[in-house]
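Quick notes on the structure that follows.
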Amino acid sequence: MPKKEKINRENYIEIKKYLDYQKRVRQCELATLKQKWAHLRHFLEWALSTRFYDAPKLRLTFQNYILDARNDGINKPLSSTTMNRACHEVQEFYKWAKMYLPNDYKKISERWIETIRLSKTKMNMQGLEDRKYYSQDEVLKICSYKLKTLIDMRDRPAVAPLYLSAMRITAFISLPVRCVDIANMTVFQFPSEGVLKEFKDIDHNSFTN
């Protein structure tokens, strides 16, 4: 029986360094770091003994691997959102590595990094949802919509910050006014200020029709 290929130790160490960078420099919170680690586990399991900087030599690309990847025992594909986020996280890792480990990753090109993404054709072949997103022009049209009702007055101002910040809806509706710095065009998301990350954390009784 052939021996199972092991995960490269140096790859694992670099992932830990990358997550430490995300924590210290990018100031990511624990929940975000856990999500990043979940995506990067797929990255480690894809590369196995191959060093990350030699990944372009692998016949199976990460974007093809992730279509059937699963490490939780569930017999169905990951959601299209999770797959796209995993691809994005791998891209972010390589960008970080080229900046902080330039000698090792000098042969990894920006063009190759950009290929780590799911194609719409493959998503459709897998029966995955092809999510549609608003363009900037569409958001500007919404923001210029003439207000007619109180609901319009509530919804229109919500569209712009959600689009510009990529904030979760649950975080937006629990965001205190004091966390919004209009003068500096800055929004602060601190759990200590009552900003919630999960829908289950919201007290639904606190809302009125």
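The values are calculated or read from the model by the stated rules, or taken from the named source; none is laboratory data. Keep in mind that this is a model prediction, so the values were computed, not measured. Every residue, glycine as well, gets a Cβ built from its backbone with ideal geometry; the counts of neighbours run over all protein chains shown.
What number goes with the only condition from (1) at pLDDT 90 or above; (2) under 22 Å from LYS34 (Cα atoms) that SER79 does not pass?
SER79 satisfies every listed condition except (1).
Given the stretch 1-86, what helices (runs of 4 or more DSSP H) lie entirely inside it while holding 2 or more residues that are over 18 Å from SER119 (Cβ atoms) and more than 14 Å from the chain's Cα centre (by Cα)?
Here the list reads 9-24, 30-47.
Is there a residue in the stretch 32-50 that is buried (at least 19 other Cβ atoms within 10 Å of the Cβ), over 30 Å from MET167 (Cβ atoms) and not assigned by TED's automatic domain parsing to the domain that holds GLN189?
Yes, that holds for at least one residue.
Being in a helix (DSSP H, G or I) and at pLDDT below 95 is the requirement here; does ASN124 meet it?
yes
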